[in-house]
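Every read-out reported here was derived from the displayed coordinates using simple, explicitly stated rules and does not represent laboratory data. As the structure is a prediction and not an experimental result, all values here were calculated from the model. A quick note on method: Cβ atoms are made from the backbone with ideal geometry, for glycine too, and the neighbour counts reach across all protein chains shown.
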Amino acid sequence: MTQYQHATQKKMEELRKKSCVRILAIETSCDETAAAIIENGRKVLSNVVHTQIPLHVPYGGVVPEIASRSHVQKIGAVVRRALDEAGLALSDLDAVAVTSGPGLVGALLVGLNYAKGLAYAAGLPFLGVHHIAAHIAANYLSYPELKPPFTCLVASGGHSHIIVVEDDSTYRLLGRTRDDAAGEAFDKVARALGLPYPGGPNLERLALEGDPKKYRFHSAFNEGEGFDFSFSGIKTAVVNRMHNAAQAGEELNRADLAASFQHTIVSILADKAVRAAKAQTGDAGKRLALAGGVSANRALREAMESRAKKAGIEFFCPDFAYCTDNAAMVGSAAYDKLMRGQTDDLSLNAVPYLAIDEWMRGA
Ligand SMILES: Nc1ncnc2c1ncn2[C@@H]1O[C@H](COP(=O)(O)OP(=O)(O)OP(=O)(O)O)[C@@H](O)[C@H]1O
Ligand SMILES: [Mg+2]
């Protein structure tokens, strides 16, 4: 057994008796360099997010190589600030956690290797966390009393999943997008409307001034009985509407287009998520959560809440600070894994396409 393995084994034994467990969590899966310190998986002692948005704006989207380089430049200062804001030193921590997938491989590797280095140097247990499990766990930061089972809609830049969280280590996938993710559709339509990156929040802002019922974007697939989504056709319908209008010399109201597109996506997401929850037996059918970057969208939060209420389902969504990528949510998910006695060794690799159930099986 190496000196590091010996140190972490001792730490794991001590952890079982501790009432206060503090995890340093790191997130670098895409274009946010983030670090946080979380106590007992629910209390945020610090949450530092350095966004790379200004670097990617000129390109209209995330450039992976620029993202990796910026993570390398910022990670040290971001982790230092997370420790300083919490008023803690490395020696006060109990574990180091990091997003190990899915995400951009070069970006993931920066956080992963930094976390490994810290864990090794400080003799702390090391844990890899699945990015989508972390988005779901963002709900625990806002509702410390929330426990599985519950149904969750994950709508983010790369994912649109309906998942039943059976317990803190069992995720059952009910539905997923067949093509674009919800956030991706927001970003692509925003781009077509001439809005800068990141598209989602900018489109939401424009939609505030528009009429959500002005244009109808019909979507036969999403009206079906299943729980899978398809957003690519809706995106294309908006773009075609714009092209047709341009060819006919017709003036379109961009705010109306944005509002109508948002209304269509939000209705599909909220209707399916509530229907999925209603189809579950037991507590998973009584509680519905929202997660992922698109959960920052007010129209979606409101639609989910009102539909859930009508169906007699309790609704949960993270505070705005924990919707888009952050490390606090990584610390929350890591705590549950640590309490199950699960850690990873330092050979853990970044996995760009990591299914949530593969992660649970220890991939
Ligand atoms: N207010 C909003 N309205 C609509 N979409 C939004 C809003 N805020 C953020 N988004 C969208 O959320 C996405 C970013 O979310 P997130 O940071 O979770 O994505 P990601 O980490 O790149 O993808 P994933 O989590 O699937 O790996 C972007 O597509 C962005 O446009
Ligand atoms: Mg994300």
Points 7 angstrom from Cα along the Cβ direction at ILE53 and ARG205: gap in nanometres?
0.7 nm
How many percent of DSSP beta bridges within the chain run antiparallel, rounded to 5?
60 percent
Rounded to one decimal in nm, the spacing of the 7 Å Cα→Cβ label points at GLU250 and LYS213 is 2.0 nm
Return one number: the angle in degrees, 0 to 90 and rounded to the nearest 10, between the long axis of the Cα atoms of helix 182-192 and the longest principal axis of the Cα atoms of the chain.
50 degrees
Name the residue farthest towards the positive end of the dipole of the chain from the options VAL62, PRO352, GLY210, assuming +1 on Cβ of Lys and Arg, -1 on Cβ of Asp and Glu, about the Cα centre.
GLY210
Could you please state, rounded to a whole Å, how far the C-alpha centre of the stretch 1-67 is from the C-alpha centre of the stretch 318-341?
9 Å
For the peptides 139-148, 37-46, what is the packing order when you average, over each peptide's residues, the other Cβ atoms within 10 Å and list the highest mean first?
37-46, 139-148
Amide hydrogen neighbours beyond the local backbone of GLY123, cut-off 5 Å, H modeled
none
Going 7 Å from the Cα of ALA355 toward and past its Cβ, which residues in the stretch 280-322 have a backbone nitrogen under 17 Å from where you end up?
none
Could you work out how much longer the chain between GLN3 and ALA311 gets when fully extended? Use 0.36 nm per residue separation minus the Cα distance between them, nm to one decimal.
105.3 nm
The stretch 227-305: GluC sites (Glu not before Pro) in DSSP coil with no more than 16 other Cβ atoms inside 10 Å:
GLU250, GLU251
Tell me, what is the FRET efficiency for LYS278 and ASN240 to the nearest 0.05, using R0 = 45 angstrom and their Cβ-Cβ distance as r?
0.85
Considering only DSSP beta bridges where both residues belong to the stretch 147-320, give the percentage that are antiparallel (nearest 5).
60 percent
Using the Karplus equation 6.51 cos²θ - 1.76 cosθ + 1.60 (θ = phi - 60°), what ³J(HN,Hα) coupling, rounded to whole Hz, does each residue of the stretch 351-356 give in order, writing x for Gly and Pro?
10, x, 10, 10, 6, 5
Distance check, please: which entries in LYS43/LYS116; LYS286/LYS309; LYS17/LYS337; LYS147/LYS310 exceed 18 angstrom between their Cα atoms?
LYS43/LYS116; LYS147/LYS310
Taking Cα atoms, the helix 298-310 axis meets the longest principal axis of the chain at an angle in degrees (rounded to 10) of 90 degrees
Report, in deg cm²/dmol and to the nearest 500, the calculated mean residue ellipticity at 222 nm for the chain, where each DSSP H run with n ≥ 4 adds -39500 (n - 2.57) and the sum is divided by the residue count.
-14500 deg cm²/dmol
Based on the mean of other beta carbon atoms within 10 Å per residue, what is the order of 115-121, 82-88, most packed first?
115-121, 82-88
Built amide H within the under 5 Å cut-off of SER46, gap 5+
ILE37
Would you kindly derive the ³J(HN,Hα) couplings of the stretch 324-333 from the backbone phi angles with the Karplus curve 6.51 cos²θ - 1.76 cosθ + 1.60 (θ = phi - 60°), listing them in order in whole Hz, with x for Gly and Pro?
7, 4, 7, 9, 4, 5, 5, x, 5, 5
State, to one decimal in nm, how far the label point of SER169 lies from the label point of GLN73, with both points 7 Å from Cα in the Cβ direction.
4.2 nm
Remind me, relative contact order of the stretch 21-167 in percent, using alpha carbon pairs under 8 angstrom and six or more residues apart?
23 percent
Proximal lysines to LYS214, defined as alpha-carbon separation beneath 24 angstrom and excluding residues fewer than eight positions away on the same chain:
LYS188, LYS235, LYS272
Once amide H atoms are built 1.01 Å from N in the peptide plane, which residues 5 or more positions from PHE231, or in another chain, come under 5 Å H to H?
ARG178, ASP179, ASP180
Taking the highest mean first, how do the peptides 183-193, 218-228, 21-31, 271-281 order by number of other beta carbon atoms within 10 angstrom per residue?
21-31, 183-193, 271-281, 218-228
HN-Hα couplings for the stretch 259-267 via Karplus (6.51, -1.76, 1.60; θ = phi - 60°), in whole Hz with x for Gly/Pro, come out as 5, 5, 4, 4, 4, 4, 5, 4, 4
